[in-house]
Each structure stands twice: as structure tokens, then as C-alpha cells.
Amino acid sequence: MRLRSDAAENRRRLLLATRDAVAAEGTGVSVRDIADRAGVSLSTVYRHFPDKQGLIDGLSVYRWATLHHLATRHAAANGSLPAIAHLLATFTRMVTVDDTFIRAVGITVGRTPYGILPVKARFDPLLAALWGMAVRRGEIRKGLDPRDALELAAMIRDPLRLDAQLDVVICGIATERGEEVLRARHPLPQVSVA
């Protein structure tokens with residue numbers, strides 16, 4: 001079900017407000033404070049999220065839903081290594097922006113909170129399919145696991161070193177052919193969290 005544009009905007013504002021409030025005040029921040037930051041009523045909060053944990057999980061769900069959407073689009077376009085590079089860059093940029101929030105909530109790399117598992121479970125097979133396609137095309141070295149590349153990308157948090165560190169991850173998985181394919185593409189786009 002697609003949200004009306006005003007409802008989608010309220011949801012986006014709530015996610016950003018949750019990220020900022022939890023980053024600034026920790027997980028003890030009140031739902032009312034989050035609603036005030038978002039400029040919405042408490043009833044609007046509860047129309048979108050069942051409780052504060054739902055708000056907190058909502059940001060991670062949004063992150064994985066965005067990756068799922070991008071992976072679906074890339075799979076439909078028959079993409080492979082450039083698509084994987086775009087997914088890794090998008091994920092890295094999102095977790096970099098969300099770093100203080102992630103630390104406040106206590107999310108650690110490789111340990112996905114329970115409420116996020118269903119949406120991540122829809123993303124994982126798409127990444128595996130793109131990865132397999134890239135391996136078959138000779139763009140990614142054989143024997144590597146896409147989950148490892150994603151976890152390494154998730155550990156990149158320094159905005160000043162982000163591009164260089166992401167380049168190390170991507171070049172570490174790419175074959176010579178894969179590097180040629182990447183050089184023929186445009187630079188990776190900047191991505192915002194919401």
C-alpha cells in the first residue's frame with residue numbers, strides 16, 4: 001500500500017526526527033519529543049508506528065527497504081558489479097549519516113535487530129543474485145561472500161575517508177575485468193538517508 005504524499009512526508013520527518021533525537025539524547029528520548037522535532041502530533045506518530053521501538057526500528061527498516069528497491073531496480077536492468085558498487089555506496093553513505101544514531105541504539109555490524117529481519121530477508125536474495133551474475137561475468141572474484149562486502153561497507157563511518165575506503169572494498173572484490181567495467185561507468189552518486 002502506497003502512502004499519500006502528506007503521509008509519506010510525515011513518515012519521513014518522523015524517521016529523521018527519531019534519528020536526530022536518539023543521536024542527541026539517547027534511547028531514553030520521549031515519543032513526544034520526537035513528535036515535536038518532526039512537527040507532528042502524537043496521533044500521527046502512532047498512526048505510523050506502534051511505539052518508540054517501532055520508530056527506532058523504522059529507520060533501519062527504511063534503510064533496508066531503500067536497498068531492496070535499488071537491488072530490484074538493478075536486477076531488472078540486468079546489472080551486476082556497477083549495481084553492487086552502487087548498493088555498497090548507498091549503504092555506506094546511509095550508515096555514515098546515521099552513525100551517532102546507530103551507536104546510541106547499539107546496533108552492531110552483523111547483528112540485525114529482530115524487527116528488521118523481514119525487510120532484510122527480502123534484500124539478501126537480490127544481492128546474492130546480483131553477486132552471482134557478477135561472478136559469472138568475471139567481474140567479481142570467485143569464492144567471496146556478498147554479506148562480507150556489505151558488512152565491510154557498513155563499518156565505514158568517516159565521511160572524510162568514505163570514498164577511499166569504499167574504493168578499497170570494491171576493488172578488493174573486483175577482478176581486472178570488473179575494474180574495467182567500473183572505470184567505464186559514471187562516479188557513484190551521493191545518497192541521503194531520507
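Output ³J(HN,Hα) for the stretch 4-14: one whole-Hz value per residue in order, computed from phi by the Karplus curve 6.51 cos²θ - 1.76 cosθ + 1.60 with θ = phi - 60°, and x for Gly and Pro.
4, 4, 5, 5, 5, 5, 4, 4, 4, 5, 5
Provide Arg157, Arg32, Arg11 ordered by accessible surface of protein heavy atoms (probe 1.4 Å), highest first.
Ranked from most to least accessible, the order is Arg32, Arg11, Arg157.
Keeping the other protein chains in place, figure out the carbon and sulfur percent of the accessible area of the chain, with a 1.4 Å probe.
It is 53 percent, rounded to a whole number.
Expected output is a single nm value to one decimal: the length gained when fully extending between Ala184 and Ala77, i.e. 0.36 nm times separation in residues minus the C-alpha distance. What is it?
Length gained between Ala184 and Ala77: 36.8 nm.
Have a look at His48, His74, His86 and tell me which one the Gaussian network model of the chain (Cα, springs below 10 Å) gives the largest fluctuation.
Its mean-square fluctuation being the largest, the pick is His48.
At what distance in nm do the modelled label points of Ser43 and Leu162 sit from each other, each positioned 7 Å from its Cα along Cα→Cβ?
3.9 nm
Could you tell me the center-to-center distance, by alpha carbons, between the stretch 128-173 and the stretch 58-126 in angstrom?
If you average the Cα positions of each part, the centres end up 13 Å apart.
How big is D for the chain, in µm² s⁻¹ as a whole number, if Stokes-Einstein is applied with the Kirkwood radius of its Cα pairs at 20 °C and 1.002 mPa s?
122 µm²/s
Give me the accessible area per residue for the stretch 39-99, probe 1.4 Å, as a whole number in Å².
Value returned for the stretch 39-99: 35 Å² of accessible area per residue.
If you fit an axis through the alpha-carbon atoms of helix 81-97 and take the longest principal axis of the Cα set of the chain, what angle between them do you get, 0 to 90°, nearest 10?
For 81-97 against the chain, the angle is about 30 degrees.
Could you give me the ³J(HN,Hα) list for the stretch 22-36, computed from phi with Karplus coefficients 6.51, -1.76, 1.60 and θ = phi - 60°, whole Hz, x at Gly and Pro?
5, 4, 7, 10, x, 6, x, 4, 7, 4, 4, 4, 5, 4, 4
Work out the FRET efficiency for Glu9 and Asp148 from their Cβ-Cβ distance, taking R0 = 45 Å, and round it to the nearest 0.05.
The value I calculate is 0.75.
Going by amide H atoms built from the backbone, whose H comes under 5 Å of the H on Ile140, apart from near neighbours?
For Ile140, whose amide H was placed from the backbone, the distant partners under 5 Å are Val135, Thr175.
If contacts are Cα pairs under 8 angstrom and at least 6 residues apart, what is the relative contact order of the stretch 1-134 in percent?
The normalised contact order for the stretch 1-134 reaches 31 percent.
The values are calculated or read from the model by the stated rules, or taken from the named source; none is laboratory data. Keep in mind that what you see is a predicted model, and the values were worked out from it rather than measured. Please note: Cβ atoms are built from the backbone with ideal geometry, for glycine as well, and neighbour counts cover all protein chains shown. Protein only, heavy atoms only, side chains kept; ligands, DNA and RNA dropped before computing areas. Shrake-Rupley method; radii C 1.70, N 1.55, O 1.52, S 1.80 Å.
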